[in-house]
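What follows is a single structure, written as C-alpha cells, with notes after it.
The numbers here are math on the coordinates, done by the rules we state, and not lab data. As the structure is a prediction and not an experimental result, all values here were calculated from the model. Please note: Cβ atoms are built from the backbone with ideal geometry, for glycine as well, and neighbour counts cover all protein chains shown.
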C-alpha cells in the first residue's frame, strides 16, 4: 500500500542507549545494559510513516560512512522494492557529502532519560545538499521538517543560509502542507526570529518546555493563553505536547479554542519515552497529509491517532526501534482511544484548562 508522498527533512544518527533500572551514581561503578540503535528525528518520522505503508522521500542529515550506510539499509528494509520510497532511498545523492554521521548517547534511568549528542556543527554541509536534492521531493503532498543540527548562525553568514528557512521557502512556493517540529538549534533564536517564516507553515509542534522557551521575551515567560493567542495571530495551527500528560492542539481557524488529548497510561508496558514526540508528529501528518484547510473533526482525529502512535512508541527503547504496521497501530489505536476522544474547550473553559496546565507544569 502506498499512500501520500511525504518529504521528511531532519537528522539521523546512531544511538547508544545506556539502560539502568536505578539512578546512576556519579563517581561510582554502575552496571547497565547498552544497546545500539539508529535514531534521530528525521529517521524516526520516516520509519514510522514507511512502516504503515506511506511513501516517504527522506532528506536526512547523514554522511557517506558506515553508520550512514547502515541507516540506508534500515530504510530499504522497511520499504517495498520498486516503490517510490525505495527509489528515493536508493537514489544517487542520498548522502550528505563530507559529513560524518552523528553519534549520540541516551542514558535511561528508570523513568528519566538524558541525551548526549555529538556536535557536528562546524560547517554547513546540509544546505548545499538540500539545494541539490530538494527537487527529488517536488511531488510530495506534504513536508515534515524536524531538527536540523547545523542551522547555527555562527557557521552561516545570514538567516537565508539556514536550511530550515530554505526548505520552508521552497515548499511554501510549491504550496505544500508544511509541518514543523523544531529542535534546540532552531529554537534558540526565539519567536521573533521565526515569526514571519512561521506564517508560511501549517502546523508547529513543540513540547511545553520548548514552547515556553521559544516565546520567552526579555526574561518574561508568557502563559499558555498568551502563547496560544500569539499562534492565533500568526494564523497557524499548533500542537503542544505535555510529556506523559497528553497534548493540547490549536487550530488556525478556531480562535479561543483548544483541543485536549488526554494522557493514556501504559502501566508496566512503559519502557522509554524517547521518540514519542517524533511519533506524534508522524501520526499527525499521516492523517492531515496535504489538508491545509482541515476541519475540527479531522484535527481531532489526527490528534487521537498521533497520541496512539506516541504511546506505542513508549513500549520500546529508542526513537524507532519497533515501528508497527498499519494493522498493528490501527488495532492499538482502537483499543486505547475508546473513551479517550479528544475534548474541545472554548472561551472560559479554555482559559480554565490552560491555567490548570500552567500551574501543573510550573
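Using the per-residue mean of other Cβ atoms lying within 10 Å as a proxy for protection, in what order, highest first, do the peptides 58-67, 329-338, 274-283 fall?
Values: 58-67: 21.3, 329-338: 14.5, 274-283: 27.8.
In descending order of packing, they fall as 274-283, 58-67, 329-338.
For a quick check: sort 6, 357, 115 by the number of other beta carbons within 10 angstrom, fewest at the front. List each step's numbers first, then the result.
Details: 6 29, 357 20, 115 11.
So the ranking, lowest neighbour count to highest, is 115, 357, 6.
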message = At 7 Å along Cα-to-Cβ for each site, give me the label-to-label distance between residue 351 and residue 172 in nm.
response = 3.3 nm
key: DSSP bridge orientation in the chain - percent antiparallel, rounded to nearest 5   = 45 percent
request  = Could you calculate the FRET efficiency of residue 195 with residue 360 from 1/(1 + (r/R0)^6), where r is the beta carbon distance between them and R0 is 25 Å, rounded to 0.05?
outcome  = 0.35
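Figure the gain on full extension for residue 315 and residue 245 (residue separation times 0.36 nm, minus the Cα-Cα span) and round it to one decimal in nm. Mind showing how you got there, number by number?
Working: separation 70, 0.36 × 70 = 25.20 nm, distance 1.61 nm.
Additional length available on full extension: 23.6 nm.
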note = One finds, for residue 334 and residue 157 with R0 = 45 angstrom and r their Cβ-Cβ distance, a FRET efficiency to the nearest 0.05 of 0.30
inquiry  = If I model a spin label as a point 7 Å beyond the Cα along the Cα-Cβ vector, how far apart are those points for residue 90 and residue 35 in nm?
reply    = 3.0 nm
inquiry  = What distance in nm lies between label points placed 7 Å from Cα along the C-beta direction at residue 184 and residue 109?
reply    = 1.6 nm
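If neighbour count is taken as other Cβ atoms inside 10 Å, put 16, 220, 312 in order from fewest to most.
On the way: 16 14, 220 8, 312 23.
Neighbour counts put them in this order, fewest first: 220, 16, 312.
Order by neighbour count: 355, 51, fewest other Cβ atoms within 10 Å first, most last. Please list the in-between numbers first.
Working: 355 13, 51 19.
Lowest to highest Cβ neighbour count: 355, 51.
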task = May I ask for the distance between the Cα centers of region 291-362 and region 176-222, given as a whole number of Å?
result = 20 Å
ask   = Classify region 3-360: rounded, prolate or oblate, from the alpha-carbon gyration tensor (a ≥ b ≥ c, eigenvalue square roots; a/c under 1.5 rounded; otherwise prolate if a/b is larger than b/c)?
value = rounded
note = On the formula 1/(1 + (r/R0)^6), with r taken between the Cβ atoms of residue 136 and residue 25 and R0 of 41 Å, the FRET efficiency rounded to 0.05 is 0.25
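Find how much the distance from residue 266 to residue 220 grows on full extension, using 0.36 nm per residue of separation minus their present alpha carbon separation; answer in nm with one decimal.
Details: separation 46, 0.36 × 46 = 16.56 nm, distance 3.59 nm.
Once the chain is fully extended between residue 266 and residue 220, it gains 13.0 nm.
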